[in-house]
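See below for the structure under consideration.
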Amino acid sequence: MVTARDQASRGDDAIRLRDLYSNLVSRRNWIVATTVVSTLAFTAAAFLMAPVYRAATVLVPASADRSNLGNALTSALGQLGGLASLAGVNVGVSDLNTEEALAVLRSRQFTEQFIVEENLMPRLFANKWDATSLKWKAGPKDPPSLSQAYRHFNHDLFLVAQDKKTGLVTLQIDWTNADEAALWANELVERINFEMRSRAIAKAEASIGFLEKEMASTAAVETHLAESRLIEAVVEKKMLANVTNEYAFRVVDKATRPSRDEAIKPKRLLLLVAGPLVGFFLGVGLVLGYATIREMW
């Protein structure tokens with residue numbers, strides 16, 4: 001049974017709807033204006049924004065390739081586990097080697113060295129660089145710092161991630177120049193392999209020096225022989241590092257230049273569709289807000 005209160009409530013709702021419709025119709029020019037302005041703004045953004053391209057390379061950790069060497073080290077250790085630890089000889093730590101390589105790849109020192117040696121500061125801050133005079137443009141702020149370049153590069157351009165299931169590592173560069181994006185991605189892989197090779201060689205040389213001193217001070221024949229086998233295994237490790245270019249990561253799929261239609265930003269179709277919708281709802285919101293304020297006053 002419909003009560004008088006229900007009828008009154010329905011009547012109030014109908015009045016509100018008529019008022020709402022009347023406000024929207026009477027100020028439809030507002031809605032049209034915001035729709036047009038928003039459409040133009042989003043269209044301009046879609047076609048004037050510099051396109052961003054993504055170059056990616058797929059890698060596989062190369063530490064697994066050295067598992068046989070790890071087995072040789074294990075057999076050579078015997079009772080010298082403590083001595084090997086002191087010498088810096090680690091066995092069965094391929095996952096740790098990969099994690100170390102990834103940490104170095106993401107590190108500030110590695111990135112800043114790459115930026116400096118490749119002279120990327122003018123490219124990363126092109127709007128502040130005068131290509132004619134080869135100087136930073138005069139302005140209220142100081143020239144961009146290397147610390148700013150590191151944050152910009154690592155947060156906006158560079159990403160490296162490992163798939164825990166497959167072990168594959170993806171390194172990608174998002175940049176406005178497709179050629180440079182591919183070049184930088186491949187160069188970073190070469191640099192991290194060179195860095196980890198250099199570290200492995202230096203570590204092996206330090207280990208050999210330590211073990212040779214221990215051999216000179218050891219009289220026990222069995223211990224002397226075990227130390228000798230351990231030195232041979234470390235020398236083999238050093239030799240492997242010297243002859244292996246892809247020491248930390250092997251390239252499965254090298255980064256190639258993205259084509260012009262492969263830009264990841266801006267999403268032009270999305271912007272062209274969003275422009276009218278945003279403008280329409282913004283106009284409706286303005287009309288309703290104005291009507292609410294008028295009622296309050």
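The values are calculated or read from the model by the stated rules, or taken from the named source; none is laboratory data. Computed from a predicted model, the values in this text were never measured in an experiment. Ideal geometry is used to build each Cβ from the backbone, glycine not excepted, and the neighbour counts take in all protein chains shown. Note: accessible area is taken over every heavy atom of the protein model, side chains too, but ligands, DNA and RNA are not part of it. Shrake-Rupley method; radii C 1.70, N 1.55, O 1.52, S 1.80 Å.
Observations
- Summed over the stretch 30-53, residues that are in contact with a helix residue (DSSP H, G or I) (Cβ under 9 Å, 6 or more places away or on another chain) and open to solvent by 70 Å² or more (accessible area, probe 1.4 Å) total 7.
- Residue match in the stretch 207-226 (condition: β-branched (Val, Ile, Thr), open to solvent by less than 100 Å² (accessible area, probe 1.4 Å) and in a helix (DSSP H, G or I)): yes
- The listed residue being among the aliphatic types (A, V, I, L, M) and open to solvent by 60 Å² or more (accessible area, probe 1.4 Å), out of Leu183, Leu157, Leu188, Leu171: Leu183
- Search result, residues across the stretch 239-255 that are at pLDDT 85 or above and open to solvent by less than 100 Å² (accessible area, probe 1.4 Å): Asn242, Thr244, Glu246, Tyr247, Ala248, Phe249, Arg250, Val251, Val252, Asp253, Ala255
- Any hit, the stretch 53-71, residues being touching an Asp or Glu at 6+ places or on another chain (Cβ under 7 Å) and at pLDDT below 70: yes
- Residue within the stretch 83-96 that is open to solvent by 60 Å² or more (accessible area, probe 1.4 Å), part of a loop (DSSP other than H, G, I, E, B), touching a helix residue (DSSP H, G or I) at 6+ places or on another chain (Cβ under 8 Å) and modelled with pLDDT of 55 or more present: yes
- For beta carbons closer than 9 Å, sequence separation of 6+ or different chains, a first residue in the stretch 200-217 that is closer than 20 Å to Thr244 by Cα and a second that is polar (S, T, N, Q), the qualifying pairs are Ala200/Asn97; Ile201/Asn242.
- Flag for Glu236 being at negative phi, touching a Leu at 6+ places or on another chain (Cβ under 8 Å) and either of a type in the set (Asp, Glu) or in contact (Cβ under 8 Å) with a residue 60 or more places away in the chain (or both): yes
- Restricting the stretch 102-142 to residues that are touching a strand residue (DSSP E or B) at 6+ places or on another chain (Cβ under 7 Å) and among the aliphatic types (A, V, I, L, M) leaves a set whose member that is surrounded by the fewest Cβ atoms within 10 Å (Cβ to Cβ) is Leu102.
- Leu277 vs. criteria free of Cβ contacts under 8 Å to residues at least 12 places away in the same chain, open to solvent by 70 Å² or more (accessible area, probe 1.4 Å) and farther than 30 Å from Leu24 by Cα: no
- Arg10 being touching a Ser or Thr at 6+ places or on another chain (Cβ under 8 Å), modelled with pLDDT under 75 and not in a loop (DSSP other than H, G, I, E, B): no
- Within the stretch 256-270, the only residue that satisfies the criterion of being surrounded by 13 or more Cβ atoms within 10 Å (Cβ to Cβ) and among the hydroxyl-bearing types (Ser, Thr, Tyr) is Thr256.
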